Amino acid sequence: MTVRMRFPTGPELPVDEVLPATAQGDPGSVRDGSPLAVGDERIVDFLTRVSRRLLAPALARRHPELGSLGFFLRRRELLRAVERLRAALDPQTLAFPRGVVFHIPPANVDTVFVYSWALAALAGNTNVVRISPRSAAAADTILEVLNESLTEADPVVARTQRMVTYGHDDAVTAHFSARCDVRVVWGGDGAVNAVRRHPLAPAARDLTFPDRSSFAALSVAGWEVATPAARRDAVLGFVNDAYWFDQAACSSPRAVFLVGDADRAEAVRAEFVGLLGVAARERGWEVDAAMAVEKRVGAYGLAADGGVAAMAFPDNLVAALDLRTPAAAPRHWLGTGTFGFVTVPDLAELVPFVRRRDQTLTHFGFEADELREFARQLAGRGIDRIVPFGAALRFAPVWDGYDLFREFVRLVTVDA
Amino acid sequence: MLTDVFTLAQAEKEERLRGELIGLMAHHRRNCPPYDRILAALGAETEPATLADLPWLPVRLFKTRKLASVPDDEVIRVLTSSGTTGQVSRIHLDREAAATQSRMLARTLGAVLGPRRLPMIVVDRSGVVGDRRSYSARGAGALGMVNFGRDHLWLLDADDRPDVAALKDFLARHGDAPFLIFGFTFMVWRYLYEVARDHGLDLSQGILVHSGGWKKLADQAVDNAEFRRRFAADSGLTRIHNFYGMVEQIGTVFLEGPEGGALYCPDFADVIIRDPETWREAPVGTPGLVEVLSTLPTSYPGNVLLTEDVGVVHGVDDGHWPGKRFSVVGRLPRAEARGCSDTYAGGRS
């Protein structure tokens, strides 16, 4: 039973040799240097080097999506995360790494593994990350950057941070599951359940990021008072949110709630859909024949179920479905560029519709107070983040309701 | 007596089909609420001016939704076709639809088989016809076809090995007068062609009817022309008719003419090739997605279906039979998204 070492890059390694001896229940044998601490300078230093490389102009041109990752890993951002944790703890409480974190990120969103891994590393943990054999070019680029940055790093980084590739080998997943303190599982509900068949140690725990659904809210009044430039920017942001991962990312909007006066909403919607098509085309997004058919299958199916008053396919990029009620809004992927639209008088109307699986609400044209009031009315039953158009895919250390950094540390209290 | 179903020139066919399909559209809208909801949402007209203006359903919709135009207690048979993704089409037939589809299939194939039942070789194993309530595509294909022959030889044994001795015996008894051969294209190639060639068998009196596509033969560089050439050269078999059809339009087959190389539409059916960008009808010679039209479906709204096959019309009213001549040249890949679901299918592979 072997795995391919992607970071530090190397030959196939037996699974037994992936984790350092210190991490496997032998805390006394710290041979080289001190163990990692929360916010360890050696990790901060390494991640800072990675950040610099990701933000280098040549690389950013090739993989613009790595830019936001580069920003996320800047020294200032890292120190802020550590500071935020320290500030939240009272003087009797000390924070330590949890131990070993095993990450199973999604195959097709190429960058998400770095976020959860980087936070777990910053918290001082030993990490094993499964890189899918199906991972895309951006993942390879990230691994190159990590390996290049290793030469200047403290040896503790290579000893404690491991990224490996193996196929759908249950035995390997079982091996790491039995030996970790935290397991981080991303993916569809089926993927999460499949991983959960492999038991954890009794004191270990899962952090799961299963299927989620996301929506957009557009204030009719807010749109009307926005300048043409602001409207265009909003649409560009929305296009980014929707098309970057073929609208299949958990945080990509599947439907747009027009909030305000129903009569006035008609014109707003028409302008929005028009601008949406133009912006998607200008940004170079394409929908091929197979995807165009997929969209018909998805949209016609939703119409067959009722709830779609009208649907229009002005071109392959944009399909607009006129929903009868908010409850008809699709929670499942219907094909790239398929958007439900429904008008509601105010945000409160959406409250009964929201469920646990709803994750992100992107917004345009609302006052901060309106959004906060809406969140209070939801009372945590669903929708974990409310962010402006354009920010749907921007990863944050608080995700799906978890403060990730906080999840990666263990607390020790000393009451003297 | 079978009447010929390859008779109508294109203009006359379109006029007749348009009227019948408009009537069927209204029938399905009355009797299949999900279908009605789709057409209402599309704002479909009640009397489209041309065949190309008729609203189509993506054929895969029969895998994601139940679409039937008859009450459950009138359904006598549910046909299923499995796809590669595990989703299954479910096609609901009542007594009348079941009878019509087999009658029209008989009339279509009668054009090349003649009115009599012929001795028949099925390039499959007999066990493939199983459960009579719910047929697999392979079983339904074989079962629908076995009625056109007599004195059947099921060529393959239980382990899918060709029974060469039985084949020689069949040919000794029936090989000097017309006989029928049926099978899926790749199986006919793998199990019949190679056996006939290696044993020097004479299939010159055979009439081969086959279907299923060329994908599995592509790696052997066997296309329709090569398939016909090699069968003729190595076994004397020249009467070869490929056909194109699907369980979602059961009973309707588009049949390769005697001259070979192109498929023809029976009088009650037609094809429209659509540009997948503009969705308008593509001109002759330009490939696009195949839309199939047929008046046969009455118990489910399957009269106008957009397939995920790529095809091209070669000509209209200029071939062995009247109407459109076309080929199916490939299949769209399955659309895949980059989303964050389905990362770890542990244990599935």
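A few comments on the model shown:
- Looking only at residues in region B:185-203 that are at negative phi and outside any helix (DSSP H, G or I), the one that is surrounded by the most Cβ atoms within 10 Å (Cβ to Cβ) is B:203.
- Any chance residue B:79 is outside any loop (DSSP other than H, G, I, E, B), in contact (Cβ under 8 Å) with a residue 60 or more places away in the chain and away from chain A (no Cβ under 14 Å): yes
- Residue-level check: of (1) within 21 Å of the chain's Cα centre (by Cα); (2) more than 26 Å from residue A:249 (Cα to Cα), residue A:93 misses just (1).
- Residue within region A:73-85 that is away from chain B (no Cβ under 14 Å), over 22 Å from residue A:410 (Cα atoms), crowded, with 21+ Cβ neighbours inside 10 Å and of a type outside the set (Val, Ile, Thr) present: yes
- Meets criteria (surrounded by fewer than 21 Cβ atoms within 10 Å (Cβ to Cβ), more than 19 Å from the chain's Cα centre (by Cα) and either at pLDDT 95 or above or assigned to a loop (DSSP other than H, G, I, E, B) (or both)) for residue B:261: no
- Restricting attention to region B:295-338, the residues that are in contact with a helix residue (DSSP H, G or I) (Cβ under 6 Å, 6 or more places away or on another chain) and free of Cβ contacts under 8 Å to residues at least 60 places away in the same chain total 3.
- Residues of region B:260-316 satisfying the condition of being within 18 Å of residue B:9 (Cβ to Cβ) and either β-branched (Val, Ile, Thr) or within 13 Å of chain A (Cβ to nearest Cβ) (or both): B:271, B:272, B:284, B:295, B:313, B:316
- Residue tally, condition over 13 Å from residue A:323 (Cβ atoms) and out of contact with any Pro (no Cβ under 8 Å at 6 or more places or on another chain), over region A:250-269: 9
- Of all the listed residues (A:158, A:191), the sole one being part of a helix (DSSP H, G or I) and either touching a His at 6+ places or on another chain (Cβ under 6 Å) or surrounded by fewer than 20 Cβ atoms within 10 Å (Cβ to Cβ) (or both) is A:158.
- Candidates in region A:92-139 are the residues that are facing chain B (nearest Cβ under 10 Å) and among the basic types (Lys, Arg); of these, the one that is farthest from residue A:169 (Cα to Cα) is A:134.
- Qualifying residue in region B:321-333 (condition: over 22 Å from residue B:12 (Cα atoms), modelled with pLDDT under 95, within 14 Å of another protein chain (Cβ to nearest Cβ) and not in a strand (DSSP E or B)): yes
- Residues (part of a strand (DSSP E or B) and farther than 17 Å from residue A:94 by Cα) located in region A:392-416: A:398, A:399, A:402, A:403
- For region B:238-258, a tally of residues being under 21 Å from residue B:316 (Cα atoms) and surrounded by 23 or more Cβ atoms within 10 Å (Cβ to Cβ) returns 7.
- Selection within region A:155-175 - closer than 25 Å to residue A:406 by Cβ and in contact with a Lys or Arg (Cβ under 8 Å, 6 or more places away or on another chain): A:156, A:157, A:163
- Residues satisfying the stated conditions in region A:367-391, i.e. out of contact with any Gly (no Cβ under 6 Å at 6 or more places or on another chain), surrounded by 15 or more Cβ atoms within 10 Å (Cβ to Cβ) and part of a loop (DSSP other than H, G, I, E, B): A:382, A:383, A:391
- Residue in region A:252-261 that is among the acidic types (Asp, Glu) and assigned to a loop (DSSP other than H, G, I, E, B) present: yes
- Residue within region A:376-384 that is farther than 23 Å from residue A:265 by Cβ, without any contact (Cβ under 8 Å) to a residue 24 or more places away in the chain and of a type in the set (A, V, I, L, M) present: yes
- Test: residue in region A:176-187 that is buried (at least 23 other Cβ atoms within 10 Å of the Cβ), within 14 Å of chain B (Cβ to nearest Cβ) and closer than 18 Å to residue A:1 by Cβ: yes
- Residue A:144 meets each of the listed conditions (1) within 14 Å of chain B (Cβ to nearest Cβ); (2) within 16 Å of residue A:4 (Cβ to Cβ) apart from (1).
- On inspection, residue A:235 fails the criterion of being away from every other protein chain (no Cβ under 14 Å), more than 30 Å from residue B:32 (Cβ to Cβ) and more than 22 Å from the chain's Cα centre (by Cα).
- Only residues that are in contact (Cβ under 8 Å) with a residue 60 or more places away in the chain and in contact with a helix residue (DSSP H, G or I) (Cβ under 9 Å, 6 or more places away or on another chain) were counted across region A:398-412, and they come to 7.
- In region B:281-304, the qualifying residues are those that are more than 19 Å from residue B:19 (Cβ to Cβ) and assigned to a strand (DSSP E or B), and the one that is farthest from the chain's Cα centre (by Cα) is B:281.
- Residue in region B:50-67 that is surrounded by the fewest Cβ atoms within 10 Å (Cβ to Cβ), counting only those that are outside any loop (DSSP other than H, G, I, E, B) and more than 7 Å from chain A (Cβ to nearest Cβ): B:53
- Scope region A:161-175; condition within 12 Å of chain B (Cβ to nearest Cβ) and assigned to a strand (DSSP E or B); matching residues: none
- Residue that is farther than 17 Å from residue B:109 by Cα, of a type outside the set (Phe, Trp, Tyr) and touching a helix residue (DSSP H, G or I) at 6+ places or on another chain (Cβ under 7 Å), where the choices are B:209, B:195: B:195
- From the options A:329, A:310, residue that is free of Cβ contacts under 8 Å to residues at least 24 places away in the same chain and either touching a His at 6+ places or on another chain (Cβ under 8 Å) or small (Gly, Ala, Ser) (or both): A:310
- Tally, over region B:44-88, of residues that are of a type in the set (Lys, Arg), within 18 Å of residue B:298 (Cβ to Cβ) and either out of contact with any strand residue (DSSP E or B) (no Cβ under 8 Å at 6 or more places or on another chain) or at pLDDT below 95 (or both): 1
The values are calculated or read from the model by the stated rules, or taken from the named source; none is laboratory data. Note that this is a predicted model, so its numbers are computed, not measured. So basically every Cβ, Gly included, is an ideal-geometry build from the backbone, and we count neighbours across all protein chains shown.
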